[in-house]
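The values are calculated or read from the model by the stated rules, or taken from the named source; none is laboratory data. A quick note: this is a predicted structure, and the numbers were derived from the prediction, not measured. All Cβ positions, even for glycine, are placed from backbone atoms using ideal geometry, and neighbour counts span all protein chains on display. The area values use the complete protein model at the heavy-atom level, side chains included, leaving out ligands, DNA and RNA. Shrake-Rupley method; radii C 1.70, N 1.55, O 1.52, S 1.80 Å.
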Amino acid sequence: MYTIASISEIITCKRAHIFNDAQKILELVYDTRKISMAQEGLFFALKNGRDGHLFVADAYQKGIRSFVLADLNFSVSSFPEANFMWVEDTLKAIQQLAAYHRRQFTIPVIGITGSNGKTIVKEWLYQLLEPDYVHQLYKSPKSYNSQLGVALSLWNIQADHKFALIEAGISRVGEMLSLQQMIQPTIGILTNLGTAHMEGFASKTEKLAEKWKLFSEVDRIIFPSAYVPDAGSITNGFSWGLRSGDQLLIKDKSQDGNWTVIVADYLDAEVTFAIPLLDNASIENACSCIAVMLYLGYPQVVIQERVKSLRPLEMRLELKKGKNNCSIIDDTYSNDLASLQIALDFLNQQNQHQHRSLILSGFIGLEWTERVKSKIVQLLNDQALYKVILVGHHLAEIQEAIQSNVYFYKDTADLIADFGNLTFVDETVLIKGARRFHLEDISHLLVEKSHETVLEINLKSMEHNLVKYRSLLKKDVKMMAMVKAFSYGAGGFEVANLLQFNKIDYLTVAFVDEGVELRAAGIKLPVMVLSPHEGAFADMVRYRLEPEIYSLRILQSFVTYLTEQQIDQYPVHIKLDTGMHRLGFMEDEIAELSEALQHTSRVKVVSVFSHLVAAGDPLMKEFTVCQISAYKRIASVLEKDLGYGFLKHICNTSGIVHYPDAQLDMVRLGIGLYGIDMTPNRLHLEQVSTLKTTITQIKSLVKGETVGYDRKGVLDRDSKIATVKIGYADGYDRRLGNAVGQMMINRKLVNTVGNICMDMCMLDITDVEAREGDEVLVFPNLEQTAKSIGAIPYELLVGISARVKRVYYYE
Ligand SMILES: *Cc1c(COP(=O)(O)O)cnc(C)c1O
């Protein structure tokens, strides 16, 4: 049990201002939107995009009474009843505390790293080992594997845990040391070394060396020898693979129906494992798990018995369209307090329906104490939920305390039997459960059937990108996010909800209709409309949308409309043309504009802006600098004439990076939010949109045959051809036919063959192991694909047609 007194000695404090040094601390807090049990919380003011010091007052108001800050000049006089500790670096401090907590345990801790498969191996190992450690096996929640995530994971290790599985993720050189120092693993696992997240490393060797730092003090490193040169020279290694000398030497791999059978040598004996999975990535992950169990001394029969129940994981929290105009958040893989909190936050972001409901299963691997119960009750009651449906006998104990309409079922079968008596109409429903409860059966009942081609949108990555760009902003610069064109193809209210939750200052749409849709979905942020037109003034005003005024004509007609309606001081945005020559006032029209604005009280100028033409092109620097100075000159004339201030903005995504001095009062973030970084100094953005389809049919054809329309796909060898259900009507450009475009199947690139059809196209999969139903990545490299047909990534993203179903997830 920690108190402020003990914590002030664990973290290196430069200064402290203590009100109550006996205050117990049980929760680590870094985000004021995620506070429960405030009194026992310790708030760390992290620099995570936004400066955490800005949220101290909010945290105090929500009941937090203990703080760790970095800014020595921060005045605490208005927070009389609180503890304050100052440190050099608040992230380091939370890591110090986590490392200290970890050192209190002498249990085995497995540290898992690798480019792919970390989370799956962790979750599978948990499932495989759990029978021997009921409630005593700890795993880091979800993919909590970052510098902060690992610290938060470790903090939750409790006295009764006998074993822990902790995931470590890095994206660049220099990050692993601090993770190793926190986790202090006793056993290490390397899952895989691929090209995922390659940007932060000069080479694969450098990446391996960095990951390997996690293992600097472990007893044993379990790894696939395929990725490790000199695998034999690692004295504390336990390698598996095809290399003679591997402890687990795989001799044969074959398929038998839906099973993969592995025959291997282990300790001078032959062992056989049948794994109920087929794809290479799953088999690799399963082999990692088998190697760990062998190392831990499990007999082959036990391993075989448990491996039988491995399944592909749907670990992601997904937002799907439900029946009866519902939105369904499907999160049916695991249930622990941390992931429940994440899921509830996500539920809370959803404004598209009036009601929000929850279907919650029991908790696994969590000691069911009074404190845990009251925490869950508080979490649920904080949400103002419409319906709460509890599944699992121990949840009966909290039923009474829940302040919503509560239903209780002892198991999922009971709930299904009674399902006809529950109605879900026009509400957002979170289905949150541990794997054992199989709540996915409930999700199947509520979700509309999905098609074979989907655009997956990772909202968590979008959040990550937002944070990245925020961290580039100077102090007090506001941010407007461009959600025009269905958010560059990524979606409407789903994206806007996330941005609203993340306190973006402004949204921008192209047309009034787009803004009306956002309002209908409960978006309250100010919204600018780039292309307003006369016919839409009524809707614009009714839905409080703010027009871009780009000409005297549109100003005059809007003022006329406002006069008829007797509306005063309506917010508008003035667009200046400093070189784009699209919409906007030219410099020689400013006197007239200024005159007109001074003669009306109908509109109020809230911002004046212009648009950079080539902010990403270093050769156009001179032009861009001219644009910026012309903008500043004209804006200051207007400001003087009008006699009041307004927001000034000119930077788009590239401008934020290349012209930081032009960030002015606000920036307009577009393509960067969606994960496309056109700047040479890579920002480590995360990919947001992934277009996926599946193989519908596979054919074997002989040399000389042709594939597709007009016989353009001539086969120059015997070939295996796969048909996938995506064509130019879905936005897969016809120019990508005939081997110009590449897709990815089971981590291998394959070429298109023949012309692209309207709803389908064909791929040459001769060199790839693949089966009908396998998943296909349509744009494994969006930028390169765009380039190959003389397009830009924007084009391909917004071109993905509306009939392609969008699935959102937050992981
Ligand atoms: C689309 C748009 C942006 C965003 O541009 P990106 O290059 O996507 O960042 C900014 N301002 C205006 C006026 C736009 O039309």
Working only within the range 778-797, note down all residues that are crowded, with 17+ Cβ neighbours inside 10 Å and either over 18 Å from Asp677 (Cα atoms) or within 16 Å of the ligand (Cβ to nearest atom) (or both).
Val778, Leu782, Ala786, Pro793, Tyr794, Leu796, Leu797
So which of Leu664, Leu647 is within 14 Å of the ligand (Cβ to nearest atom), open to solvent by 10 Å² or more (accessible area, probe 1.4 Å), on the phi > 0 side of the Ramachandran plot and at pLDDT 95 or above?
Leu664
Hey, Val559 more than 28 Å from Ile628 (Cα to Cα) and either surrounded by fewer than 17 Cβ atoms within 10 Å (Cβ to Cβ) or not small (Gly, Ala, Ser) (or both) or not
yes
When you check Thr679 against the structure, is it within 16 Å of the ligand (Cβ to nearest atom) and either in contact (Cβ under 8 Å) with a residue 40 or more places away in the chain or in a strand (DSSP E or B) (or both), yes or no?
yes
Would you say Gln687 is open to solvent by 40 Å² or more (accessible area, probe 1.4 Å), modelled with pLDDT under 95 and in contact with a Leu (Cβ under 9 Å, 6 or more places away or on another chain)?
yes
From the list Asn738, Asn746, Asn751, which residue is among the polar types (S, T, N, Q), touching a residue at least 60 places away in the same chain (Cβ under 8 Å) and either more than 30 Å from Ile342 (Cα to Cα) or in contact with a His (Cβ under 8 Å, 6 or more places away or on another chain) (or both)?
Asn746
Of all residues in the range 466-511, which are small (Gly, Ala, Ser) and part of a helix (DSSP H, G or I)?
Ala485, Ser487, Ala496
All conditions in (1) within 22 Å of Leu685 (Cβ to Cβ); (2) in contact with a helix residue (DSSP H, G or I) (Cβ under 7 Å, 6 or more places away or on another chain); (3) assigned to a loop (DSSP other than H, G, I, E, B) are true of Thr785 except (3)
Conditions (1) buried (at least 23 other Cβ atoms within 10 Å of the Cβ); (2) within 12 Å of the ligand (Cβ to nearest atom) -> His658 fails only (1)
How about the range 590-658: which helices (runs of 4 or more DSSP H) wholly inside it have at least 1 residues that are more than 31 Å from the chain's Cα centre (by Cα) and either acidic (Asp, Glu) or closer than 28 Å to Arg553 by Cβ (or both)?
590-598, 621-642
Exactly one of Ser140, Ser146 is closer than 22 Å to Asp31 by Cα, surrounded by fewer than 22 Cβ atoms within 10 Å (Cβ to Cβ) and not β-branched (Val, Ile, Thr), and that residue is Ser146
List every residue pair whose Cβ atoms sit under 8 Å apart, with the two residues 6 or more apart in sequence or on different chains, where the first one lies in the range 72-98 and is within 19 Å of Arg50 (Cβ to Cβ) and the second, anywhere, is charged (D, E, K, R) and part of a loop (DSSP other than H, G, I, E, B).
Val87/Lys14
Pairs please, first residue from the range 484-497 and closer than 19 Å to Glu548 by Cβ and free of Cβ contacts under 8 Å to residues at least 60 places away in the same chain, second anywhere and part of a loop (DSSP other than H, G, I, E, B) and away from the ligand (no atom under 13 Å from the Cβ), Cβ atoms under 6 Å, 6+ apart in sequence or on different chains.
Ala496/Ile523
What's the total number of residues in the range 574-589 that are among the hydrophobic types (A, V, I, L, M, F, W, C), buried (at least 19 other Cβ atoms within 10 Å of the Cβ) and in a loop (DSSP other than H, G, I, E, B)?
0
Listed residues Ala82, Ala45, Ala70, Ala38; which is open to solvent by less than 40 Å² (accessible area, probe 1.4 Å), small (Gly, Ala, Ser) and at pLDDT below 95?
Ala38
When you go through (1) within 16 Å of the ligand (Cβ to nearest atom); (2) part of a strand (DSSP E or B) one by one for Thr690, which number turns out not to apply?
(1)
Quick one: Ser801 ticks every box in (1) surrounded by fewer than 17 Cβ atoms within 10 Å (Cβ to Cβ); (2) assigned to a strand (DSSP E or B); (3) among the hydroxyl-bearing types (Ser, Thr, Tyr) bar one, so which box is it?
(2)
Note: among Val512, Val477, just one is buried (at least 17 other Cβ atoms within 10 Å of the Cβ), at pLDDT 95 or above, within 16 Å of Ile656 (Cβ to Cβ) and more than 13 Å from the ligand (Cβ to nearest atom), namely Val477
Taking the range 93-136 as the search range and keeping residues that are aromatic (Phe, Trp, Tyr) and over 19 Å from Gln181 (Cα atoms), which one is nearest to the chain's Cα centre (by Cα)?
Trp124
With the requirement that a residue be open to solvent by 50 Å² or more (accessible area, probe 1.4 Å), of a type in the set (Val, Ile, Thr) and within 21 Å of Leu530 (Cα to Cα), what does the range 599-643 give you?
Val613
Evaluate the following for Ser531: is it assigned to a loop (DSSP other than H, G, I, E, B), farther than 25 Å from Pro660 by Cα and either without any contact (Cβ under 8 Å) to a residue 24 or more places away in the chain or within 13 Å of the ligand (Cβ to nearest atom) (or both)?
yes
Going through the range 93-123 one residue at a time, which ones are surrounded by fewer than 17 Cβ atoms within 10 Å (Cβ to Cβ) and out of contact with any Lys or Arg (no Cβ under 7 Å at 6 or more places or on another chain)?
Arg103, Gln104, Thr106, Pro108
Residue check: is Thr428 in contact with a Ser or Thr (Cβ under 9 Å, 6 or more places away or on another chain), within 23 Å of Glu318 (Cα to Cα) and hydroxyl-bearing (Ser, Thr, Tyr)?
yes
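Listed here are the residues, each with its yes/no results for (1) modelled with pLDDT under 90; (2) farther than 28 Å from Glu305 by Cβ; (3) among the hydrophobic types (A, V, I, L, M, F, W, C).
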position: Thr195; (1), (2), (3): yes, yes, no
position: Ala202; (1), (2), (3): yes, yes, yes
position: Ala209; (1), (2), (3): no, yes, yes
position: Thr235; (1), (2), (3): no, yes, no
position: Leu242; (1), (2), (3): no, no, yes
position: Gln247; (1), (2), (3): no, no, no
position: Gln255; (1), (2), (3): yes, no, no
Being within 16 Å of the ligand (Cβ to nearest atom) and among the β-branched types (Val, Ile, Thr) is the filter; apply it to the range 578-623 and report the residue that is farthest from Ser551 (Cα to Cα).
Val613
Restricting attention to the range 48-67, and to residues there that are touching a residue at least 24 places away in the same chain (Cβ under 8 Å) and open to solvent by less than 40 Å² (accessible area, probe 1.4 Å), which single residue is nearest to Leu499 (Cα to Cα)?
Gly49
It is to be established whether one or more residues within the range 409-423 are under 30 Å from Gly799 (Cβ atoms), in contact with a strand residue (DSSP E or B) (Cβ under 9 Å, 6 or more places away or on another chain) and open to solvent by 10 Å² or more (accessible area, probe 1.4 Å).
no
